[in-house]
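Asker: Sharing a structure below in C-alpha cells format, with a few things to ask.
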Amino acid sequence: MPLFDVYPLYDVEPTKARGVYVYDKNGKKYLDLYGGHAVISIGHGHRTYKRALRKQLNRIGFYSNAVQNPLQEKLSSEINRQSGSKDYELFMCSSGAEANENALKLASFHTGKSRVIAFDNAFHGRTSAAVAATDNKMIQAPLNDQHKVDFIPFNDVEALDKELSKGDVCAVIFEAIQGVGGLDEPTNAFVTAMEQMCKKHNTCLIADEVQSGFGRSGDFFAFQNYSITPHIITMAKGMGNGFPVGGILVNPVIESSYGMLGTTFGGNHLACRAALAVLEVLEKENLYENAKKLGAYFTEKAKELPFVTKSKGRGLMLGLEFENEVGPLRKELIFSHQIFTGGSSNKKLIRILPPLNVQKKHFDNLFNALLECHK
Ligand SMILES: Cc1ncc(COP(=O)(O)O)c(C=O)c1O
C-alpha cells in the first residue's frame, strides 16, 4: 500500500541519532541544525531522557484522563517554576495544532465571541481553527473557510484597534518569533499595545510558543522578551524532545468546567515523563543560557558572510537570508556537507533550529560549509 504522498522527501534515511548528530543507514554522520523541525531541544538520545522514558514504560505507559495522574501536576508545577509564568493552569494535548485549536476554542468559550485576529505570515497548524488562522491559502480547504479569521500586519496598532473595536473578536493569536513565516518579530511597543487592547475589548491574547517555547529563544518563552501576560500560552515541539506532547497554559481568569476540553492521549504518563526529563536537562545543563550565548555567537559570525543579506531571530531560533532562493543551497548542505537546515515560507531564508546544546564548533562547520558553497 503506497503512502499518501504529501511530503517532498530528501533521500536520506536516519537510523540513529546522538546529541546534535543524526546517522543514516550507511553510517554517514549529519549535523542536525534543524532539530527535526525545532523539536529536538535537549539533543538526540539524551541519557536522562531515555532513562526516564524506559523507567516509566516499565511502570505504566498510558491510562486515560478518567483517573488520577500526578505526573501532570508535577509537570505543571515544574513548568510554572522554570518559566516563571506563575498562576497558570495546564491542559495537555499531543501536538502544536491541537494546542492552538484548544486555545482558540477556549478563547471563544470564555468571551462568547468567534472572530480571530492573526498576523500576516502566521503559522498555527493544520487543524480546523488553527489552519484558518494560518496565513497560507494553499493549506486551507473550503471546510476551513467557516472560521472567521482576519489577518493584519505586525506593528499596525491602528489596524488592530479597528478590528478589536468591532467587539466580535475572541482571540488575537501571535508568534513572538514567527517560525514557518521566516523569523519576523513584532516590536515591543506593538506587543504592549496589543495586550492593553485585548484587555479593553474582552479579547484573549494567545501566545503561540509551539516553536519558540521551552527555551529555544533563550528565555523559557519568547514572549517573555516583552512585559505581557497572555491569557493562553500554547506549547509543543521542544516540550517532548520528539515525544508527541503539547499543552496550553491557561490564565485562571478563564474558568474551567468539566468537558470543556478533552483528549484521549493528552497528558499520558509517557508524555509527562518526556516533558519532565526535558525540563530537568534544560535546567541542569543550563540550556537557556547556551541558547542565548550561541545565538549571539551565530549572529556575530553571520556578519562575516558577504553573501548573507540578513540574519534574523534570537536564541536558537535563527535564520539567514540570501539573495537567491535557498532550495539548492539546502540540498548542497545536506548532500555535500552533511548539514541539515530548515526552510520557511520566505524562500530566500534558511532556518537554523538546532538542539539547544549545540556548540560553537557546530556553527563554525556551517559557516565553513556556506563559504565552500559560495566559492
Ligand atoms: C508556531 C507554530 N504553531 C503551531 C505549529 C503546529 O504544530 P504541529 O505540527 O505539532 O501541529 C507549528 C509547527 O510548525 C508552529 O511552528
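Asker: Thr192 to Glu158: FRET efficiency via 1/(1 + (r/R0)^6), r the Cβ-Cβ distance, R0 25 Å, to the nearest 0.05?
Answerer: 0.95
Asker: When only C-alpha pairs under 8 Å and at least 6 residues apart count, what is the relative contact order of the range 65-284, in percent?
Answerer: It comes to 27 percent, rounded to a whole number.
Asker: Using the alpha carbon gyration tensor of the range 269-314, what are the three equivalent-ellipsoid semi-axes (square root of 5 times each eigenvalue), largest first, in whole Å?
Answerer: Equivalent ellipsoid of the range 269-314: 33, 12, 6 Å, largest first.
Asker: So for the range 61-131, taking the charge dipole from beta-carbon charges (+1 Lys/Arg, -1 Asp/Glu), which of Ser77, Tyr88, His124 sits furthest toward the positive end?
Answerer: It is His124, whose Cα lies furthest towards the positive end.
Asker: Taking the Cα centre of the chain as origin, sum charge times position over the Cβ atoms of Lys and Arg (+1) and Asp and Glu (-1), and report the length of that vector in debye to the nearest 20.
Answerer: 1300
Asker: With all pairs of different alpha carbon atoms counted, what Kirkwood hydrodynamic radius in Å does the range 270-375 show?
Answerer: Computed over the range 270-375, the radius equals 14.7 Å.
Asker: Let me ask something else. Restricting attention to the range 22-63, which trypsin sites (Lys or Arg not before Pro) occupy a DSSP loop and are surrounded by at most 10 other Cβ atoms within 10 Å?
Answerer: Filter output for the range 22-63: Lys25.
Asker: Next question, about the same structure. Just to be sure I understand the model, the point goes 7 Å from the Cα along the line to the Cβ. What's the resulting Lys293 to Tyr7 distance in nm?
Answerer: 3.4
Asker: Using only C-alpha positions, report the orientation-averaged shadow area of the convex hull of the chain, nm², one decimal.
Answerer: 19.4
Asker: Pop a pseudo-label 7 angstrom from the Cα along the beta-carbon direction at both Asp87 and Lys199 and give the gap in nm to one decimal.
Answerer: Roughly 1.1 nm, to one decimal.
Asker: What base-10 log of the normalised intensity I(q)/I(0) is obtained for the range 183-301 from the Debye formula, alpha carbons as equal point scatterers, at q = 0.16 Å⁻¹?
Answerer: -0.91
Asker: While we're looking at this one, here's another question. Can you give the longest stretch of the chain with no exposed loop site, where a site means GluC sites (Glu not before Pro) in a DSSP loop (not H, G, I, E or B) with at most 13 other C-beta atoms within 10 Å?
Answerer: My reading of the result: 1-254 is the longest stretch.
Asker: Let me ask something else about it. Mind listing which trypsin sites (Lys or Arg not before Pro) in the range 310-361 are in a DSSP loop and have 15 or fewer other Cβ atoms within 10 Å?
Answerer: Within the range 310-361, the qualifying trypsin sites (Lys or Arg not before Pro) (loop, at most 15 other Cβ atoms within 10 Å) are Lys347.
Asker: What nm distance separates the two modelled labels at Lys29 and Thr263, each placed 7 Å from Cα along Cα→Cβ?
Answerer: Going by the 7 Å Cα→Cβ label model, 3.7 nm.
Asker: Ok, one more. Distance cut-off 31 Å, Cα to Cα: go down the list Lys284/Lys361; Lys199/Lys347; Lys25/Lys293; Lys50/Lys347 and report the pairs above it.
Answerer: Lys199/Lys347; Lys25/Lys293; Lys50/Lys347
Asker: Taking 8 Å as the Cα distance limit and 6 or more residues as the minimum spacing, I'd like the relative contact order of the range 270-375 as a percentage.
Answerer: Computed over the range 270-375, the figure is 24 percent.
Asker: Subtracting the Cα-Cα distance from 0.36 nm times the residue separation, let me have the gained length for Val253 to Lys166 in nm, one decimal.
Answerer: So the extension gain works out to 29.1 nm.
Asker: Taking neighbour Cβ counts within 10 Å as the exposure measure, how do Val6, Val253, Val169 sort from fewest upward?
Answerer: Exposure proxy ranking, most exposed first: Val6, Val253, Val169.
Asker: In a GNM of the chain with a 10 Å cut-off on Cα contacts, which of Gly61, Gly259, Gly342 has the highest mean-square fluctuation?
Answerer: Evaluated over the chain, the most mobile residue of the options is Gly259.
Asker: Running Debye on the range 65-284 with equal point scatterers at the Cα sites and no solvent, what base-10 log of I(q)/I(0) appears at q = 0.09, 0.11 Å⁻¹?
Answerer: -0.32, -0.48
Read-outs throughout are calculated quantities, based only on the coordinates presented, and are distinct from any laboratory measurement. Model, not experiment: these values are computed from the prediction. Positions of Cβ are backbone-derived with ideal geometry, glycine not excepted, and every protein chain shown enters the neighbour counts.
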